[in-house]
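Below: the structure, in structure tokens.
The values are calculated or read from the model by the stated rules, or taken from the named source; none is laboratory data. Being a predicted model, the structure only gives us computed values, none of them experimental. Cβ coordinates were reconstructed from backbone atoms using ideal geometry, including for glycine residues, and neighbour counts include every protein chain displayed. These accessible areas exclude ligands, DNA and RNA; they are computed on the full protein's heavy atoms, side chains included. Shrake-Rupley method; radii C 1.70, N 1.55, O 1.52, S 1.80 Å.
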Amino acid sequence: IVGFLFSLLIPGLMDNLKIGPWRGNTEFIAEMNYQGSKIEAKPLEKRGIKVLVTNKSTATWDSRDEEHPVFISYHLLSAKGELVEYDNIRTPFPRMMRTDDSALVDLSVHFPAKKGDYYLEVDVVKEKVAWFKNKGSKTILIPLSVS
């Protein structure tokens, strides 16, 4: 008990302690899983990458929604994790995704022209609203080599 009380008196000591429910926006929670290994590609190649996506949010995702469709996409990062290209091709979900629905999506990827090592940071986006990452959802990083 003394240690706990002491920790309350020292600012910042308990900043990383997380107790209780999700603190992000519950309408923007995606769970993604990639089972492959490092992607090897040619410059400017176009290919689909299989990603399992589960809707863990309280909202239904609809890629056909006229005002705010929801898609899976990616950001291109350098091997050092620096942003190379933020907005990339959007891939629709095969159907409406309700809470706890999962789908194996064939993520459309256009590989960069410049040879090198990269990461695809896979994320979900609700158009004209937000990328899920910016609302607290986790992304996945897929290593990529263009040669």
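With respect to (1) open to solvent by 60 Å² or more (accessible area, probe 1.4 Å); (2) modelled with pLDDT of 95 or more, the lone exception for LEU17 is condition (2).
Restricting attention to the range 75-130, the residues that are without any contact (Cβ under 8 Å) to a residue 60 or more places away in the chain, closer than 24 Å to LYS38 by Cβ and of a type in the set (Phe, Trp, Tyr) add up to 3.
VAL70 meets all of the listed conditions (1) within 27 Å of PRO143 (Cα to Cα); (2) touching a Phe, Trp or Tyr at 6+ places or on another chain (Cβ under 8 Å); (3) open to solvent by 20 Å² or more (accessible area, probe 1.4 Å) but one, namely (3). No other residue among SER137, SER102, SER108 is over 21 Å from GLY48 (Cβ atoms) and out of contact with any His (no Cβ under 8 Å at 6 or more places or on another chain) apart from SER137. For LEU52, the criteria (1) under 16 Å from the mean Cα position of the chain (by Cα); (2) under 14 Å from VAL125 (Cβ atoms); (3) open to solvent by 40 Å² or more (accessible area, probe 1.4 Å) hold in every case but one, which is (2). Filtered by the rule that a residue be part of a loop (DSSP other than H, G, I, E, B), small (Gly, Ala, Ser) and surrounded by 12 or more Cβ atoms within 10 Å (Cβ to Cβ), the range 84-128 gives no residues.
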